[in-house]
Amino acid sequence: MSNIVTERFERLRQEQMVPAGRPATAVIGSLREIFAHRQLLDLLIRRDLKSRYKDSALGFAWTLIRPLVQLAIYFFVLGEILGASRNIPEFAIYVFSGLTLYGLFSEIVAAGTASIVGNAGLIKKIYLPREIYPLASVGAALFNFGVQLVVLIAAAILQSGFAWVRLDLLYFLPSVAVILIWATALALLLAALNVYLRDMQYLVEVLVLLLMWASPIVYSWQMVATRAPEWLLSIYTSNPITLAVLGIHRAFWTAGADSEYPSHLLVRMAVAAVVGLVALLVCQRVFAQLQGNFAQEI
């Protein structure tokens, strides 16, 4: 008996030690692990969507009602009654397109920040790649964005027929890409920080509000260009959210002239996307370094 025990200890001693957590630089390994759990990711996305309207009589119809009410408010209250349409033609399309894209960003960041703490029960019971929880928030936000996009397209058709179907419509794709890259990066970083500092989710609410007004959503970029100093305008225009909002305006807002946009907008968006990918890599590494103690902290 003692010989058997001795042999087992000897074999254990010769085994190579493997760290329990994933190294921070194992980005490819993280992607493979997430892909291997893609069905669970899909289930988490469905769960998040169903939980929002679980006890509601209208259910998912609210995802359509809310943007319709928003569009009506922008058109009648802000555009017609308050006269915003005198300065910005097709004001309802202008504002609603910007808010639709910014809503995607704000929902990913806000829901992603709370995703780890909100799934504390699952994290303590079973092992899944921790990145799955913020990514589930991305999937749920994309669903809601898709519903609002349908409303936006319908409104654009009612406003200008099919005149909005033009080459500039291709700006929509890089706009969404920039938002997804930066929002996912921030969601990963803030989700990890929120585990150790619970005030982070309240700070995010303030950050999301500030970023909305720091983007040309309810006012035009041209208004900033004619009033701000050159250095401040350069910083303002380099904001990836500003560039993404300008891109979706270029795609759906047919009344906008070339002077309403900065020069080389597509190049600027490409640079923002590349920088965003670097930021996403850095945020994933930080997340990987901090995720080892999630179960103990929550």
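The values are calculated or read from the model by the stated rules, or taken from the named source; none is laboratory data. From a predicted model like this one, the values you see are computed outputs, not experimental measurements. Reconstructed Cβ throughout: ideal geometry from the backbone, glycine too, with neighbour counts over all protein chains shown. Side chains included, ligands, DNA and RNA excluded: accessible areas come from the protein's heavy atoms. Shrake-Rupley method; radii C 1.70, N 1.55, O 1.52, S 1.80 Å.
Across the range 137-185, what is the number of residues that are open to solvent by 50 Å² or more (accessible area, probe 1.4 Å), in contact (Cβ under 8 Å) with a residue 40 or more places away in the chain and within 30 Å of LEU281 (Cβ to Cβ)?
3
Please indicate, with yes or no, whether at least one residue in the range 197-207 is farther than 25 Å from GLN289 by Cα, modelled with pLDDT of 95 or more, aliphatic (A, V, I, L, M) and open to solvent by 20 Å² or more (accessible area, probe 1.4 Å).
no
Can you find a residue that is of a type outside the set (Ser, Thr, Tyr), open to solvent by less than 10 Å² (accessible area, probe 1.4 Å) and within 17 Å of the chain's Cα centre (by Cα) anywhere in the range 252-266?
No, the range 252-266 has no match at all.
State which residue pairs qualify: first residue part of a helix (DSSP H, G or I) and inside the range 108-132, second residue among the aromatic types (Phe, Trp, Tyr) and open to solvent by less than 10 Å² (accessible area, probe 1.4 Å) in any location, beta carbons under 7 Å apart, and separation of 6 or more residues or different chains.
Correct list of pairs: SER115/TYR133; ILE116/TYR133; ILE116/PHE294; ILE123/PHE294.
Answer yes or no as to whether ILE235 is open to solvent by less than 20 Å² (accessible area, probe 1.4 Å), part of a helix (DSSP H, G or I), at negative phi and modelled with pLDDT of 90 or more.
Here the answer is no, as ILE235 does not meet what is asked.
Kindly indicate whether any position in the range 180-195 is closer than 26 Å to ARG66 by Cα and at pLDDT below 90.
Within the range 180-195, not a single residue is closer than 26 Å to ARG66 by Cα and at pLDDT below 90.
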